[in-house]
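Everything on this sheet refers to the single structure shown next.
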């Protein structure tokens with residue numbers, strides 16, 4: 001079993017864009033999502049995987065991830081998954097820490113979220129000037145929730 005410790009942030013500016021190391025488009029959908037766990041299928045430019053995550057609110061969750069054939073992933077997304085999330089992920093290095101910045105598309109266009117995986121929940125990490133408000137404890141920003149309740153439908157979406 002893996003343990004994911006991840007912090008999520010909104011962005012205060014686009015200054016991160018000049019530091020992008022690489023990017024990748026992603027499409028993902030959820031086969032199951034309830035108050036205990038979510039089961040996700042993701043296809044990206046490197047392959048496909050099945051991911052099972054506990055639904056714990058906060059920065060720490062159990063996570064299992066398995067590579068699956070791309071053809072099977074597309075079939076699962078096309079036949080079993082409900083609403084999907086599409087995004088481009090950008091990787092930005094800040095003092096040896098790798099921020100993943102997701103620029104959402106489709107029903108979530110306009111939303112940009114930075115994520116940082118940590119070795120411990122109390123780990124110190126660099127906070128670049130472009131990092132904005134932390135939203136780690138707001139379930140609206142979980143991808144499983146964005147599939148069900150997209151950003152465009154939020155009353156306060158900008």
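The values are calculated or read from the model by the stated rules, or taken from the named source; none is laboratory data. In this text the structure is predicted, and so the values were computed from the model without any measurement. Cβ atoms come from the backbone with ideal geometry, glycine included; neighbour counts cover every protein chain shown.
Looking at the stretch 18-65, which of the residues that are over 17 Å from the mean Cα position of the chain (by Cα) and without any contact (Cβ under 8 Å) to a residue 40 or more places away in the chain is surrounded by the fewest Cβ atoms within 10 Å (Cβ to Cβ)?
Applying the filter and picking the extreme gives 35.
Just to check your reading of the model, which residue among 100, 71 is within 30 Å of residue 16 (Cα to Cα) and surrounded by fewer than 17 Cβ atoms within 10 Å (Cβ to Cβ)?
Working: 71 fails: within 30 Å of residue 16 (Cα to Cα).
Within the list 100, 71, the selection yields 100.
In this structure, is residue 48 assigned to a strand (DSSP E or B), touching a helix residue (DSSP H, G or I) at 6+ places or on another chain (Cβ under 6 Å), at pLDDT 95 or above and more than 12 Å from residue 144 (Cβ to Cβ)? Steps first, answer last, please.
Details: assigned to a strand (DSSP E or B): yes; touching a helix residue (DSSP H, G or I) at 6+ places or on another chain (Cβ under 6 Å): yes; at pLDDT 95 or above: yes; more than 12 Å from residue 144 (Cβ to Cβ): yes.
Yes.
Confirm whether residue 8 is closer than 27 Å to residue 128 by Cβ, in contact with a helix residue (DSSP H, G or I) (Cβ under 7 Å, 6 or more places away or on another chain) and surrounded by 15 or more Cβ atoms within 10 Å (Cβ to Cβ). Write out each step before concluding.
Numbers: closer than 27 Å to residue 128 by Cβ: yes; in contact with a helix residue (DSSP H, G or I) (Cβ under 7 Å, 6 or more places away or on another chain): yes; surrounded by 15 or more Cβ atoms within 10 Å (Cβ to Cβ): yes.
Spelling it out, residue 8 is indeed closer than 27 Å to residue 128 by Cβ, in contact with a helix residue (DSSP H, G or I) (Cβ under 7 Å, 6 or more places away or on another chain) and surrounded by 15 or more Cβ atoms within 10 Å (Cβ to Cβ).
Please work out which residue is farthest from residue 136 (Cα to Cα), limiting yourself to the stretch 24-45 and to residues that are in contact with a strand residue (DSSP E or B) (Cβ under 8 Å, 6 or more places away or on another chain) and outside any strand (DSSP E or B).
As a first pass, look at the stretch 24-45 and keep what is in contact with a strand residue (DSSP E or B) (Cβ under 8 Å, 6 or more places away or on another chain): 24-33, 36-45.
Remaining after also requiring outside any strand (DSSP E or B): 36, 45.
Numbers: 36: 18, 45: 27 Å.
Here the residue is 45.
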